[in-house]
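> Below is a structure I'd like to ask you about.
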Amino acid sequence: MSSSQLSKSLGPTLSIVAAGCSGFQSALDPKGPRAEAVAKLHWSLVTVATVVYIIVISALLYALWRANRRQNPGNADVHHETPEQAETMKRGVIVAVAVTVVVMFAFVFASVSTGSADDRLQGAKPLRIDVVGHQWWWEVKYPDPDPHNNANTANEIHVPVGRSVLIKMTSQDVIHSFWAPNIAGKKDLIPGHETRTWFRADTAGVYRGQCAEFCGHQHAKMAFYIVAEPRVEFESWLEKQRGEAEKPTDSLRLTGERIFLTGPCAVCHTISGTGAGGTTGPDLTHLASRRTIAAGTLPNNTGNLAGWILDPQGIKPGAKMPPTRLEPQELQALLAYLENLK
Amino acid sequence: MRRIRFSPRRQVSAVALALVSLLAVASCKREQRRFRETPPSATAANLVTMSELQPGPSVVQAELRNPYEDNAYAVSEGKRLFDQMNCSGCHSHGGGGIGPPLTDDEWIYGSAPQNIFSTIVEGRPNGMPSFRGRLPNYQIWQLVAYVRALGGLQGKAVRTTRDDHMMYKESEQARDKGHPSPTFVPPTSVKQ
């Protein structure tokens, strides 16, 4: 491959790699102090490693060139090193080892101080959110001293911009890991044990996160969104989430509610303000206010919701939601009811 | 160096041996996990009768089979449902409490798969709720598979082992084979 060919093929590859560094779900596009610390650590490691790589490869090339020169019978004089040369080599090796040790310890220090960066956020009276990992979705709770004001949602974490957030996490089944790369590093969710993480979002926006610890068949489809919004918008969202579900008024939606409550749905799902209080599946009290269904698998719209209710195993094989048999009219009524749960 | 030569007959048998071992590799197929079930035995609940007596000419009941008997995945799913559907609320992980234990040998309404199926679907007097219309049939069969594992009626290879709660008895897998028998006795005959 000639050098021009190489640069031609390398150019687009590099631009693709660079494009991966910004945007939707990337640790290299930080939007909060913790992600910034991670990105800073990343770039410092990459820079140092690149310099080390260039030095090592140069030394290797030099050694090869030197060995080649010695094997050449014409250069009889370089067959044996003089004592001075041997001394220089020895000193070179000692210096290289010392530099390596120093660099490694510097890395350890940088890594540990990045890891403890979240401790610095603790002081600023954080907003507390509870997250419970399930196969394969995220339960999100906004606890309040007055239990009547508790809000419960799924797969979508709304936070106010600029306020630090304390997340207390645990898992219902296996180990999961909470990772929204634009906002913060990973933290494991462990069954029977509470872990905590702190973060702050400094720019308004929607940031995708996902499970970062293999947790079974649908690990790949276990995503969530962090929605960072100005304080006023956040407060009004939270106020709405605390309320009971929208009451159906027309006959179609009343039929839908009846189907929900008398069928299999109510066994696993909660709709606050009705008799449905199952805790196995996500809380559906404000289902229509969410962006996605099935933990970020599909956009939340009528068609996707219908497909998910009838045949979840076709969309997310192994998901814990069983298929539901419904007559077409029943399905339409149920969809009308669910889509009204704003 | 002297080369070792095998006779043609030995060569043939070596090739045959290799082929046979290849066949053995094919038997390493793992158990199937069927996620997208066509509901098995959709009408099973109506086939199960509470009494063998019937009017008119007697009809021999075809025996119902649990499609998940000896299926490890179904047993583990059954275990999950056992907690999530709050069976443990009364049966307490099989040890019993408000409801009867499921790890002993006295099973009031029978231990055959179809008996357990109808117990779950229909409910039973004195507190067992009916799950009719609340769970799809295949999940009820998964529960049946697990309940039978609790009673030591499934093969040891498919019984679940890991428990997060306090142990009331040795683990399911360590348990001996169970011999449950129906023990329903009308309440009045107990004292006499």
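The values are calculated or read from the model by the stated rules, or taken from the named source; none is laboratory data. None of the values given here were measured: they were computed from a predicted structure. So basically every Cβ, Gly included, is an ideal-geometry build from the backbone, and we count neighbours across all protein chains shown. Areas reflect the complete protein model, heavy atoms only, side chains present, ligands, DNA and RNA absent. Shrake-Rupley method; radii C 1.70, N 1.55, O 1.52, S 1.80 Å.
> Mind listing whichever residues of region B:60-111 are touching a residue at least 60 places away in the same chain (Cβ under 8 Å), out of contact with any Asp or Glu (no Cβ under 8 Å at 6 or more places or on another chain), open to solvent by 30 Å² or more (accessible area, probe 1.4 Å) and part of a helix (DSSP H, G or I)?
B:Ser76, B:Lys79
> Select from region A:314-338 the residues that are within 14 Å of chain B (Cβ to nearest Cβ) and in a helix (DSSP H, G or I) and write down the one among them that is nearest to A:Lys221 (Cα to Cα).
A:Ile315
> Right, here's the next one. Can you find a residue that is hydrophobic (A, V, I, L, M, F, W, C), over 21 Å from A:Ile157 (Cβ atoms), surrounded by 16 or more Cβ atoms within 10 Å (Cβ to Cβ) and within 14 Å of another protein chain (Cβ to nearest Cβ) anywhere in region A:298-306? Break it down stepwise before answering.
So the first thing to find is which residues in region A:298-306 are hydrophobic (A, V, I, L, M, F, W, C), and the list is A:298, A:305-306.
The next check asks that each one be over 21 Å from A:Ile157 (Cβ atoms); those that pass are A:305-306.
Filter again for surrounded by 16 or more Cβ atoms within 10 Å (Cβ to Cβ), leaving A:305-306.
Now restrict to residues that are within 14 Å of another protein chain (Cβ to nearest Cβ): none.
No, region A:298-306 contains no residue that is hydrophobic (A, V, I, L, M, F, W, C), over 21 Å from A:Ile157 (Cβ atoms), surrounded by 16 or more Cβ atoms within 10 Å (Cβ to Cβ) and within 14 Å of another protein chain (Cβ to nearest Cβ).
> Next question. Only residues that are away from chain A (no Cβ under 14 Å) and within 22 Å of B:Arg36 (Cβ to Cβ): list them for region B:98-145, please.
Scanning region B:98-145 gives B:Phe117, B:Val144, B:Ala145.
> Tally time: how many residues in region A:159-175 are crowded, with 21+ Cβ neighbours inside 10 Å and closer than 11 Å to A:Gln135 by Cβ?
Going through region A:159-175 one residue at a time, the tally reaches 1.
> With the requirement that a residue be surrounded by 20 or more Cβ atoms within 10 Å (Cβ to Cβ) and closer than 18 Å to A:Gln329 by Cα, what does region A:260-271 give you?
The answer is A:Phe260, A:Pro264, A:Cys265.
> Of the residues A:Thr274, A:Thr249, A:Thr255, which single one is surrounded by fewer than 15 Cβ atoms within 10 Å (Cβ to Cβ), over 17 Å from the mean Cα position of the chain (by Cα), of a type in the set (Val, Ile, Thr) and away from every other protein chain (no Cβ under 14 Å)?
A:Thr249
> Here's another thing I want to ask about it. Could you list, in sequence order, all residues of region B:117-129 that are open to solvent by 40 Å² or more (accessible area, probe 1.4 Å) and under 20 Å from the mean Cα position of the chain (by Cα)? Give the derivation first.
Kept after step one, since they are open to solvent by 40 Å² or more (accessible area, probe 1.4 Å), are these residues of region B:117-129: B:122, B:125-129.
Answer for region B:117-129, where residues must be open to solvent by 40 Å² or more (accessible area, probe 1.4 Å) and under 20 Å from the mean Cα position of the chain (by Cα): B:Glu122, B:Met128.
> Now a separate question. Go through A:Val232, A:Val267, A:Val227 for me and flag whichever is within 14 Å of chain B (Cβ to nearest Cβ) and within 32 Å of the chain's Cα centre (by Cα). Please lay out each step first, then the result.
Details: A:Val232 fails: within 14 Å of chain B (Cβ to nearest Cβ); A:Val227 fails: within 14 Å of chain B (Cβ to nearest Cβ).
Within the list A:Val232, A:Val267, A:Val227, the selection yields A:Val267.
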